[in-house]
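Contents: one structure, followed by commentary.
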Amino acid sequence: MEDALNIIELLRKKYSLGVSELSKELKLNKNKVFRIITTLELKGIVELNPETGKYKLGMNLIKLEDAYIKNQDFIKVARPVIRSLRKEINETIYMAIQHKKDVIYIYEEPARKGVVVNSRLAQRFKAHKTAAGKVLRKAKKEIGFPMEKIILPEEEIIEIASIVRDEFYNPIAAISVIAPIHRVNNEKEKIIEEKLISSAEEITELLAPAFSLD
């Protein structure tokens, strides 16, 4: 199962790869890779390009991901708040969940600007390398709505994140703003932090009405 997931993640990053390339990247036996990817192809998770002999992600994976996201009730609750936040600051907003030592960005409201950051939607990142992942870990030990910030000079982006809580007041997801560094001066950073906290609190109140934040 883990090898199949690793193949899916690699195809998500590289877009199109052959069996030999997958075997080399994942350090797996070619026969094992072929058996796994043949099964994934039968399920429609990956598709083979007969002209190149390479595989890419298939439509059934997209359908599965879309169904998963639509079944997350907290996203339905959070969506209008996130859209309102995006309109206020006009930067890309994400929601992310933690899975083991990683975070997966499961919802995106992209900025309506000419220069946008590369989408993280449906992508997996090491938790400690993202503000979303760091704040989710921090929120397990702290009350309230902690903040985390990460600047990635090589990508020229900044991520600022807080968390939303469920009906038991456990951190259920991170809400983060990702923007090009050149658009976020000290004044705008402060505005983003204030509005991010306000939005996180609003979503939490909708999810956990028994917990008054007044």
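Six or more apart or on different chains, Cβ under 9 Å: which pairs go from a residue in segment 150-174 that's at positive phi to one that's open to solvent by 80 Å² or more (accessible area, probe 1.4 Å) and not in a loop (DSSP other than H, G, I, E, B)? Could you list them?
So the pair list comes out as 156/182.
Say we look at segment 114-134 and pick out the residues that are of a type outside the set (A, V, I, L, M) and touching a helix residue (DSSP H, G or I) at 6+ places or on another chain (Cβ under 8 Å); which of these is least open to solvent (accessible area, probe 1.4 Å)?
Ranking the qualifying residues of segment 114-134, first place goes to 133.
Yes or no: residue 137 in a helix (DSSP H, G or I) and surrounded by 14 or more Cβ atoms within 10 Å (Cβ to Cβ)?
So residue 137 fits the description; yes.
Which residues, counting only those in segment 159-169, are open to solvent by 10 Å² or more (accessible area, probe 1.4 Å) and either of a type outside the set (Asp, Glu) or modelled with pLDDT of 95 or more (or both)?
Residues satisfying the conditions are 168, 169.
Going through 193, 202, 187 one at a time, which residue ends up being without any contact (Cβ under 8 Å) to a residue 12 or more places away in the chain, part of a helix (DSSP H, G or I) and open to solvent by 30 Å² or more (accessible area, probe 1.4 Å)?
Testing whether each residue is without any contact (Cβ under 8 Å) to a residue 12 or more places away in the chain, part of a helix (DSSP H, G or I) and open to solvent by 30 Å² or more (accessible area, probe 1.4 Å) leaves just 187.
Conditions tested, residue by residue: (1) more than 14 Å from the chain's Cα centre (by Cα); (2) surrounded by 19 or more Cβ atoms within 10 Å (Cβ to Cβ); (3) farther than 26 Å from residue 205 by Cα; (4) at pLDDT below 95.
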position	(1), (2), (3), (4)
107	no, yes, no, yes
171	yes, yes, no, yes
175	no, yes, no, no
178	no, yes, no, no
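Under 8 Å between Cβ atoms, at least 6 apart or on separate chains: pull out the pairs that start in segment 18-37 with a residue that is over 17 Å from residue 5 (Cβ atoms) and free of Cβ contacts under 8 Å to residues at least 60 places away in the same chain and end on any residue that is among the hydroxyl-bearing types (Ser, Thr, Tyr) and surrounded by fewer than 17 Cβ atoms within 10 Å (Cβ to Cβ).
18/52; 30/20
Determine which single condition residue 32 fails, assuming it passes every other condition in (1) open to solvent by 40 Å² or more (accessible area, probe 1.4 Å); (2) modelled with pLDDT under 90; (3) not hydroxyl-bearing (Ser, Thr, Tyr).
Result: residue 32 passes all but (2).
Would you confirm, using the coordinates I've provided, whether residue 145 is open to solvent by 10 Å² or more (accessible area, probe 1.4 Å), modelled with pLDDT under 90 and of a type outside the set (S, T, N, Q)?
no
The values are calculated or read from the model by the stated rules, or taken from the named source; none is laboratory data. For clarity, every value in this text was computed on a predicted model and none was experimentally measured. Please note: Cβ atoms are built from the backbone with ideal geometry, for glycine as well, and neighbour counts cover all protein chains shown. These accessible areas exclude ligands, DNA and RNA; they are computed on the full protein's heavy atoms, side chains included. Shrake-Rupley method; radii C 1.70, N 1.55, O 1.52, S 1.80 Å.
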